[in-house]
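Asker: Structure below; questions to follow.
The values are calculated or read from the model by the stated rules, or taken from the named source; none is laboratory data. What you see is a predicted model, and the numbers here were worked out from it, not measured in a lab. Glycine gets a Cβ as well: all are built from the backbone with ideal geometry, and neighbour counts include every protein chain shown.
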Amino acid sequence: MKPSSLSVLLLVAGVAAADVRAQDVKPVTVDLVVQDKKGIPIKDLKAEEIEVTENGVKRPIASLRLVEGGSADQGRAPRYVTLVFDGLDAEGQKNARKAAGEFMAKLLASPDVRVAVFRVGLELWALSGFTNDMAALTAAVEKATSHEDETLRPQSAQVKTTAARELGVPETTDRARILIEQMRIGDEMNKLRQDGSTLFPLIAVVKGQGAAPGRKTVVYFAQRFDVPSKFDDVFRSLISEANRAGVAIYTIDARGVRGGGDLDAARSAMEQVESVSRSASTDNINPQSARANFDVAENVAGSTRQDMRVWLGQLSEGTGAVLVGGSNDLRKGTDKVLADAAAYYEITYPPSSNAYDGAYRKIEMKVTRAGVKLQSRAGYFALPPSVGGQTVLAYEIPMLTALSGAAPPKDVEVHGRIFCFGEGEKGRECVMLLDVPMSGLSFAIDEKARTYRLRFGLMAVVKDEKGEVVQRISQIYPFEGPADKVEAMKRGKVGFNRTVQLAPGKYAFEAAVQDRGTQKIGTLRAPFEVPAASGVRLSTVAVVRGVEPVPPNRLGVADPFRIQTARVMPNIDTPIAKGANPNFYLFAAVWPTTDGAAPAISVEFFKDGKKTGEGKADLLPADEKGRMVFLGEYPTAGFPPGGYEAVVRVKQGRSTAEDKATFTIVP
């Protein structure tokens with residue numbers, strides 16, 4: 001089997017990195033803005049006046065070069081500036097439009113500058129490629145600062161098409177390649193993206209510029225910007241990717257002058273886990289355990305832990321830039337962006353370690369000359385160069401490494417399965433479900449404050465028959481709360497679910513969970529197949545763990561596990577206790593053909609490969625979309641303890657569909 005590109009990446013990374021030779025590791029290149037107290041660039045700095053430390057270790061400066069912009073020399077590499085607009089209200093649109101217009105007018109006075117315009121929303125939209133065409137850029141900014149979201153996708157597609165044509169023209173090849181790479185990574189980040197967070201598309205904007213020389217500038221206009229606790233690692237990865245790519249992110253608070261602060265309306269730093277969870281329900285398989293099942297896949301509560309300007313400031317300062325805003329007049333801020341881009345120093349030095357170990361390397365710079373102001377970068381994660389086009393976030397490295405090994409670790413318990421349903425736009429809709437028992441995770445207790453803290457990472461990967469990754473999702477889960485809740489928490493489990501559309505074929509479902517406290521990792525691997533759509537169709541059969549009501553405000557949300565106003569909760573790998581459950585249930589969905597007789601469904605049970613009996617099976621009437629539901633009830637009294645396989649078969653005319661579910665009965 002051909003190794004996936006992610007596996008190749010990990011081999012190149014050499015996670016232990018003991019065999020990485022010094023000559024294989026590139027020197028670190030960073031830019032440094034040095035100005036006097038009036039903001040005027042200092043252009044005569046010497047290497048002996050600069051001190052660079054990485055992780056507290058002083059590093060020798062290998063080279064120092066002053067870079068100045070504004071040259072008309074055609075042989076000079078262009079300076080790239082990217083304007084990114086987040087969702088803005090009418091006031092923010094007005095402020096951003098005015099500031100961007102004045103900024104571009106000054107910026108394009110330099111013949112070596114090229115500007116691109118992006119909008120962040122449901123996805124990353126490119127509204128203009130890198131150009132110095134003021135009319136085209138003005139039109140792009142108008143579009144980016146409007147509510148015409150429905151028109152952005154076709155325009156973005158046109159911008160990418162134009163860039164593809166420009167790849168064959170020497171004068172435009174480099175800038176076209178940058179935009180295409182930004183959009184490619186944007187598509188990749190959209191698969192990882194959670195809760196609509198801006199952090200993921202911003203990673204694409206900065207990482208896509210890594211191949212361009214020199215210091216690049218991103219100007220990010222925002223009115224709302226928060227980093228919930230679960231995105232701390234993604235936020236640090238954004239800063240790291242910007243620093244590795246040589247991109248400075250200038251953040252613009254587009255709100256203008258306002259009274260009060262964000263903290264007036266802030267939510268708590270982290271609510272108790274009962275509020276964090278989307279649902280907490282009794283486990284019907286083993287109700288005597290009173291296990292709470294916390295489904296936090298996509299709805300872990302966000303938290304405005306501090307004023308958005310603090311986050312924007314950290315993002316800018318960490319990438320060698322500044323926060324602009326707090327005033328209806330953004331002119332001073334845009335002048336600062338221009339001044340920083342006009343002159344800066346480029347420094348190279350050998351890294352403090354030759355290992356691509358995913359560790360964070362903190363950078364500190366000092367200048368011995370008095371009366372100067374510095375803007376330098378905060379640091380970076382020691383990740384290997386991308387291989388096969390894959391973008392890997394730092395916190396994913398340990399889990400990917402575990403999955404790539406011949407004997408994946410099982411030090412943390414994790415259970416999972418994929419359930420496939422009906423047809424979507426790009427294939428069968430398949431739901432990835434994972435359960436992580438919280439009893440196997442470490443709770444850090446603060447005895448003085450009487451609080452607990454729990455943090456773990458989770459990753460789900462789908463690979464095709466060739467071993468290529470077709471879907472990768474990862475997330476960090478943070479929990480905090482009163483220490484007296486820990487024992488109850490340990491009786492619970494965290495549920496993860498995410499939908500992916502897959503073409504017919506054979507696949508492997510892999511998952512990993514890492515306890516961030518102990519660094520222990522648990523993994524699973526399970527093959528599965530997505531059958532081709534032909535005749536009557538049957539979903540994956542699920543053993544039912546329990547049933548919960550659907551809140552009225554969720555009735556309009558598509559859910560393949562729903563039956564009218566209730567939804568079934570699949571049992572992934574929990575034994576069914578006979579003493580507590582007089583019955584157990586099987587669930588599946590059926591899509592009949594439009595012609596022929598009504599479909600018929602049957603169930604057979606097997607133990608140790610031998611048929612033990614048959615079960616009654618009926619289908620509920622079809623819903624408005626033609627889907628029929630099977631929910632079979634079976635007494636546990638007829639099943640001695642042991643492992644079983646239920647084979648569900650549906651027939652309609654000459655077409656047949658079949659699926660199997662395994663379960664275990666215990667006393």
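Asker: For a quick check of your reading of the model, give me the residue pairs whose first member lies in region 619-632 and is within 19 Å of VAL547 (Cβ to Cβ), whose second is of a type in the set (Phe, Trp, Tyr) and surrounded by fewer than 17 Cβ atoms within 10 Å (Cβ to Cβ), with beta-carbon atoms closer than 7 Å and at least 6 apart or on different chains.
Answerer: Close Cβ pairs (under 7 Å, with a partner that is of a type in the set (Phe, Trp, Tyr) and surrounded by fewer than 17 Cβ atoms within 10 Å (Cβ to Cβ)) do not exist here.
Asker: Follow-up. For VAL568, are the conditions met, namely being surrounded by fewer than 18 Cβ atoms within 10 Å (Cβ to Cβ), β-branched (Val, Ile, Thr) and within 22 Å of LEU434 (Cβ to Cβ)?
Answerer: no
Asker: Checking the conditions here, which among SER404, SER376, SER352 is among the polar types (S, T, N, Q), outside the structural domain of ASP253 (by TED's automatic domain parsing) and crowded, with 18+ Cβ neighbours inside 10 Å?
Answerer: Values: SER376 fails: outside the structural domain of ASP253 (by TED's automatic domain parsing); SER352 fails: outside the structural domain of ASP253 (by TED's automatic domain parsing).
Just one listed residue meets the conditions, SER404.
Asker: Take residues that are within 18 Å of ASN190 (Cβ to Cβ) and not assigned by TED's automatic domain parsing to the domain that holds SER197 and tell me which of the helices (runs of 4 or more DSSP H) falling wholly in region 83-168 contain 1 or more.
Answerer: No helices (runs of 4 or more DSSP H) qualify here.
Asker: Next up: Could you pull out the residue among GLU447, GLU413 that is closer than 21 Å to PRO478 by Cβ and free of Cβ contacts under 8 Å to residues at least 60 places away in the same chain?
Answerer: Numbers: GLU413 fails: free of Cβ contacts under 8 Å to residues at least 60 places away in the same chain.
After applying the criteria, what remains is GLU447.
Asker: Using the structure shown, decide if THR217 is in the same structural domain as LEU66 (by TED's automatic domain parsing), β-branched (Val, Ile, Thr) and over 29 Å from GLU91 (Cα atoms).
Answerer: no
Asker: Run THR574 past the list (1) touching a His at 6+ places or on another chain (Cβ under 9 Å); (2) part of a strand (DSSP E or B) and report the number of the one that doesn't hold.
Answerer: THR574 satisfies all of (1) touching a His at 6+ places or on another chain (Cβ under 9 Å); (2) part of a strand (DSSP E or B) except (2).
Asker: Of the conditions (1) of a type in the set (A, V, I, L, M); (2) surrounded by fewer than 24 Cβ atoms within 10 Å (Cβ to Cβ); (3) assigned to a strand (DSSP E or B), ALA212 satisfies every one except a single condition; which number is it?
Answerer: Against the list (1) of a type in the set (A, V, I, L, M); (2) surrounded by fewer than 24 Cβ atoms within 10 Å (Cβ to Cβ); (3) assigned to a strand (DSSP E or B), ALA212 comes up short only on (3).
Asker: Would you mind finding the one in GLU604, GLU548, GLU529 that is in contact with a strand residue (DSSP E or B) (Cβ under 9 Å, 6 or more places away or on another chain), of a type outside the set (A, V, I, L, M) and not assigned by TED's automatic domain parsing to the domain that holds VAL666?
Answerer: None of the others qualify; the one that does is GLU529.
Asker: So, in region 413-441, how many residues would count as being assigned to a loop (DSSP other than H, G, I, E, B) and buried (at least 21 other Cβ atoms within 10 Å of the Cβ)?
Answerer: 2
Asker: Would you mind telling me which numbered condition in (1) surrounded by 13 or more Cβ atoms within 10 Å (Cβ to Cβ); (2) of a type outside the set (Gly, Ala, Ser); (3) modelled with pLDDT under 90 LEU586 fails?
Answerer: So the condition that LEU586 fails would be (3).
Asker: Hand me the list of strands (runs of 3 or more DSSP E) wholly inside region 445-556 holding 1 or more residues that are β-branched (Val, Ile, Thr) and buried (at least 22 other Cβ atoms within 10 Å of the Cβ).
Answerer: Passing ranges, in order: 451-464, 493-502, 505-515, 521-530, 542-549.
Asker: Something else about it: Exactly one condition in (1) over 18 Å from ASP659 (Cβ atoms); (2) exposed (fewer than 13 other Cβ atoms within 10 Å of the Cβ); (3) among the acidic types (Asp, Glu) is not met by GLU614; state its number.
Answerer: (1)
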